[in-house]
Amino acid sequence: MSEARMSVTLPEYETELAANQRTAMRTAALIAAPLLLAFTLLDRATVPDFWLPLLGVRLVAAAVLAVIARLANRLESPFPLTVASVAAICATIEAGVFATGGAHSPYLTSNIVVLAGVGILLPLTALQSASLQVLGLLIAIVPLLFRMQPGDDLALATAGSYLVAIATVAVAGAQLQDTLRRREHRARVEVARQIGLINLGTLAGGLAHELSTPLTWVSVELESLAADPLAASVKEKVLAARAGTSRMREVLIAMRQGARFAGGELREVMLSQEVDLALTLVAQRMRASGVTLSREYSPDVPLVSCQPTMLGQVLVNLLINALDAMTGQNEARLTVRVRTEPGYAYVEVEDSGPGIPEELRTRIFEPFFSTKGEAGNGLGLWISSEIARMHGGELEALAGADGALFRLSFPVDPPPAITRTAA
């Protein structure tokens, strides 16, 4: 008995980010609380007359942080707790600033630790980071503006410039890290999708094998029944049933073809047959969208050595992209060509959509670049181009007669990097 594979489902990026923020917020609060209390030693050395009131302020802030750490994993969105934490820490520092000289206080620049710590310890979006940095700057600087003394201007401007600089770097870092996290999440989603396709292919292959035998019996019986003398209306229904079983057989063949996961082995295949199998898998969508299909197959195309499952993945991806480009279009046309030139065989998929701007025809093959916005993960064409490259060929985006044209090339002689096996 084969081992069952579990399906892989990943949460949305925002859900995953919130979970990471809850964990990070709890850790940050537990780090900040003892650090605030440890500065009591500096208070006692710097302002011996006011260290006890400052200790009271620090104890209250530490208690607030302890409560925040306890609540961090209970709230759906931890960002309000993050705002409260930054406010509590910066307000505590500000109390020390007023007790130790105002704008000239050595504590004023210690806000850098808070602003930098927010960027280092917490996974934030750029907007969240900017909000926290602005909050910290307001608490650190604005109260001092109402207690300005002669000679405070330069000291406050100097400390403020340091704080603004570190806040700017922190926001830029948050933007960069958020972009990288989103790319990593999209990559993991694509890996999970590929695992799901493998599981689906295994299931489809098993179903196709189980259904092929009874379907053959039904086809034989219908063929025998069609040979008998029947009324015209009955014979018409029998012929329609035979056409339906023929269509079912085509679908089963495509399902079995898609379930062939043979590692890196090459097989000799006819490109026209592989294209027809891919078209079978998207035929229902083409009919529903009213797309007119045109096949242009050259009769002299030689057999091509490739991994059939990989080729099928590329072809289905190109067909789906073409159908997506023609969504809502009247008189949409899809043209599929199979042809050959010396040394290479080509498959071309051309649509009547809006086309691809020339400046994007190379970029669309970069990982994570998508022209579909949030609807696309930017990995489909990159994976397809890598599959073509692995086979010694190339996937190109060109200008079609009306829309886009994707040309998939395969060498007639197989690349030496992949082992060749008999079909």
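The values are calculated or read from the model by the stated rules, or taken from the named source; none is laboratory data. Please read all numbers here as calculations on a predicted model, not as lab measurements. Methodologically, a virtual Cβ is constructed for each residue, glycine included, from the backbone with ideal geometry; neighbour enumeration extends over all protein chains shown. Heavy atoms of the whole protein, side chains included, go into the accessibility calculation; ligands, DNA and RNA do not. Shrake-Rupley method; radii C 1.70, N 1.55, O 1.52, S 1.80 Å.
In the range 312-331, the qualifying residues are those that are at pLDDT below 85 and assigned to a helix (DSSP H, G or I), and the one that is farthest from A345 (Cα to Cα) is Q313. Note on the range 119-136: residues that are surrounded by 22 or more Cβ atoms within 10 Å (Cβ to Cβ), free of Cβ contacts under 8 Å to residues at least 40 places away in the same chain and either closer than 23 Å to L55 by Cβ or of a type in the set (A, V, I, L, M) (or both) total 0. If only residues of the range 282-307 that are in contact (Cβ under 8 Å) with a residue 60 or more places away in the chain and among the polar types (S, T, N, Q) are counted, the one that is nearest to L318 (Cα to Cα) is Q307. Going through (1) of a type in the set (S, T, Y); (2) within 23 Å of P80 (Cβ to Cβ); (3) open to solvent by 60 Å² or more (accessible area, probe 1.4 Å) one by one, Y162 falls short only on (2).
A116 falls short of the stated requirement of being under 42 Å from the mean Cα position of the chain (by Cα), part of a helix (DSSP H, G or I) and surrounded by fewer than 15 Cβ atoms within 10 Å (Cβ to Cβ).
Can you tell me which residue within the range 62-87, out of those that are assigned to a loop (DSSP other than H, G, I, E, B) and of a type in the set (A, V, I, L, M), is surrounded by the most Cβ atoms within 10 Å (Cβ to Cβ)?
Among residues in the range 62-87 that are assigned to a loop (DSSP other than H, G, I, E, B) and of a type in the set (A, V, I, L, M), the one surrounded by the most Cβ atoms within 10 Å (Cβ to Cβ) is A72.
Within the range 343-362, take every residue that is among the hydrophobic types (A, V, I, L, M, F, W, C) and not in a loop (DSSP other than H, G, I, E, B) and give me the one that is most open to solvent (accessible area, probe 1.4 Å). Step through it out loud before you land on a result.
Step one: filter the range 343-362 for residues among the hydrophobic types (A, V, I, L, M, F, W, C), giving 345, 347, 349, 356, 360.
This time we only want the ones that are not in a loop (DSSP other than H, G, I, E, B), so: 345, 347, 349, 360.
Values: A345: 0, V347: 2, V349: 5, L360: 40 Å².
Only one residue fits best here, namely L360.
State the number of residues belonging to the range 365-408 that are farther than 13 Å from Q313 by Cβ, at pLDDT 75 or above and open to solvent by less than 40 Å² (accessible area, probe 1.4 Å).
Just the residues of the range 365-408 that are farther than 13 Å from Q313 by Cβ, to begin with: 365-378, 389, 392-394, 396-407.
Restricting the remaining residues to those that are at pLDDT 75 or above gives 365-366, 389, 392-394, 396-407.
Checking which are open to solvent by less than 40 Å² (accessible area, probe 1.4 Å) leaves us with 365, 392-393, 397, 400, 403-406.
Number satisfying all stated conditions: 9.
Counting the residues of the range 91-109 that are surrounded by fewer than 21 Cβ atoms within 10 Å (Cβ to Cβ) and either assigned to a loop (DSSP other than H, G, I, E, B) or free of Cβ contacts under 8 Å to residues at least 24 places away in the same chain (or both) gives 3.
Quick one: is R58 surrounded by fewer than 17 Cβ atoms within 10 Å (Cβ to Cβ) and either out of contact with any Cys (no Cβ under 8 Å at 6 or more places or on another chain) or among the charged types (D, E, K, R) (or both)? It is false that R58 is surrounded by fewer than 17 Cβ atoms within 10 Å (Cβ to Cβ) and either out of contact with any Cys (no Cβ under 8 Å at 6 or more places or on another chain) or among the charged types (D, E, K, R) (or both).
Return the only residue of R188, R181 being closer than 18 Å to L121 by Cα and charged (D, E, K, R). Break it down stepwise before answering.
Values: R188 fails: closer than 18 Å to L121 by Cα.
Going through R188, R181 in turn, just one is closer than 18 Å to L121 by Cα and charged (D, E, K, R): R181.
Only one of F50, F39 is surrounded by 14 or more Cβ atoms within 10 Å (Cβ to Cβ) and more than 26 Å from G119 (Cβ to Cβ). Can you tell me which? Spell out how you get there, then give the answer.
Values: F39 fails: more than 26 Å from G119 (Cβ to Cβ).
Testing whether each residue is surrounded by 14 or more Cβ atoms within 10 Å (Cβ to Cβ) and more than 26 Å from G119 (Cβ to Cβ) leaves just F50.
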